[in-house]
Amino acid sequence: MFENKVAVVTGGAKGIGRTIAGEFRREGAAVCVIDLLPNDYFVGDLADQAVLEDFVRKVITDHGHVDFLVNNALPLMKGIDACTYEEFNYALRVGVTAPFYLAKLFAPHFAPGAAIVNISSSRDRMSQPQTESYTAAKGGISALTHALAVSLAGKVRVNSVSPGWIDTDYAVYEGSDAIQQPAGRVGNPMDIANMVLYLCSDKAGFITGENICIDGGMTRQMIYHNDFGWTLIGEQT
């Protein structure tokens with residue numbers, strides 16, 4: 001499907017990003033990964049402006065253009081009690097600033113039919129305690145998605161995917177962990193990779209500015225204490 005295409009995947013050395021990169025390769029694309037972890041293309045910190053510029057320069061020198069940009073790198077998750085000013089800003093630089101700047105730097109080099117897919121999270125619309133840095137970054141990239149879709153209209157389609165509970169080790173869960181989700185199971189990286197490749201394909205040619213939540217239906221399920229078997233144990237303090 002993607003023969004002779006060039007895909008950039010941030011955070012592509014492990015987890016969801018690694019699966020996305022592998023699926024692009026399986027479909028014939030050349031894949032350029034940037035990650036803090038060792039990988040076969042570029043090791044660097046997405047929070048560093050100079051690193052982003054060096055990475056883009058290498059991609060364009062090697063390939064001359066880009067077809068797909070997948071902003072997947074994971075921001076820091078710390079909460080209001082422990083997260084410092086510097087850590088909060090670092091999470092935003094990785095989760096929002098880097099995707100913006102990569103889109104800006106690659107803008108002159110996107111090929112016809114190009115697509116950007118941002119990896120957000122179902123936490124862009126719901127939260128657990130002490131997750132402010134991560135949640136703010138994921139909310140930011142969701143909003144950045146529709147802004148870029150409008151600014152790049154006619155040149156690049158831009159969408160985001162919001163994963164829910166994804167087990168990157170492909171563990172199979174049973175009992176409450178599975179049945180609490182309307183889909184009846186916990187997700188795995190292929191659930192996300194399949195959607196990313198679809199959004200990059202011509203089949204999604206009329207989709208832009210959208211945020212697609214892939215969470216097994218969890219964010220659509222209304223929960224009340226003592227209703228339909230749901231019981232809150234303990235008290236909030």
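The values are calculated or read from the model by the stated rules, or taken from the named source; none is laboratory data. Fair warning: this is a prediction, and the values are worked out from it, not measured in the lab. Cβ atoms come from the backbone with ideal geometry, glycine included; neighbour counts cover every protein chain shown.
Observations on the model:
- Some residue of region 200-210 being under 26 Å from residue 1 (Cα atoms) and among the basic types (Lys, Arg): yes
- Scanning region 128-164 for residues that are assigned to a loop (DSSP other than H, G, I, E, B) and crowded, with 16+ Cβ neighbours inside 10 Å turns up 131, 152, 164.
- Some residue of region 64-72 being farther than 15 Å from residue 136 by Cβ, in a loop (DSSP other than H, G, I, E, B) and within 16 Å of the chain's Cα centre (by Cα): yes
- Test result for residue 86, charged (D, E, K, R) and in contact (Cβ under 8 Å) with a residue 24 or more places away in the chain: no
- Leading residue by the ranking (modelled with the lowest pLDDT) among those in region 218-237 that are surrounded by 10 or more Cβ atoms within 10 Å (Cβ to Cβ) and either outside any loop (DSSP other than H, G, I, E, B) or of a type in the set (Asp, Glu) (or both): 230
Per-residue answers, yes or no, for (1) farther than 22 Å from residue 90 by Cβ; (2) of a type in the set (A, V, I, L, M, F, W, C); (3) touching a Cys at 6+ places or on another chain (Cβ under 6 Å); (4) modelled with pLDDT of 95 or more:
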{"residue": "135", "(1), (2), (3), (4)": "no, no, no, yes"}
{"residue": "157", "(1), (2), (3), (4)": "yes, no, no, yes"}
{"residue": "160", "(1), (2), (3), (4)": "no, no, no, yes"}
{"residue": "166", "(1), (2), (3), (4)": "yes, yes, no, yes"}
{"residue": "176", "(1), (2), (3), (4)": "yes, no, no, no"}
{"residue": "193", "(1), (2), (3), (4)": "yes, yes, no, yes"}
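- Selection within region 186-217 - touching a residue at least 60 places away in the same chain (Cβ under 8 Å), surrounded by fewer than 17 Cβ atoms within 10 Å (Cβ to Cβ), in a helix (DSSP H, G or I) and out of contact with any Ser or Thr (no Cβ under 9 Å at 6 or more places or on another chain): 194, 202
- Within region 52-88, the set of residues being over 30 Å from residue 4 (Cα atoms) and of a type outside the set (Phe, Trp, Tyr) comprises 75, 76, 77, 78, 79, 80, 81, 82, 83, 84, 86, 87.
- Listed conditions (1) among the polar types (S, T, N, Q); (2) in contact (Cβ under 8 Å) with a residue 12 or more places away in the chain; (3) farther than 30 Å from residue 109 by Cα are all met by residue 176, apart from (2).
- Residue tally, condition more than 22 Å from residue 191 (Cα to Cα) and assigned to a helix (DSSP H, G or I), over region 1-54: 6
- Where residue 108 falls short, out of the listed (1) surrounded by fewer than 19 Cβ atoms within 10 Å (Cβ to Cβ); (2) touching a Lys or Arg at 6+ places or on another chain (Cβ under 6 Å): (2)
- Selection status of residue 104, out of contact with any strand residue (DSSP E or B) (no Cβ under 9 Å at 6 or more places or on another chain) and free of Cβ contacts under 8 Å to residues at least 40 places away in the same chain: yes
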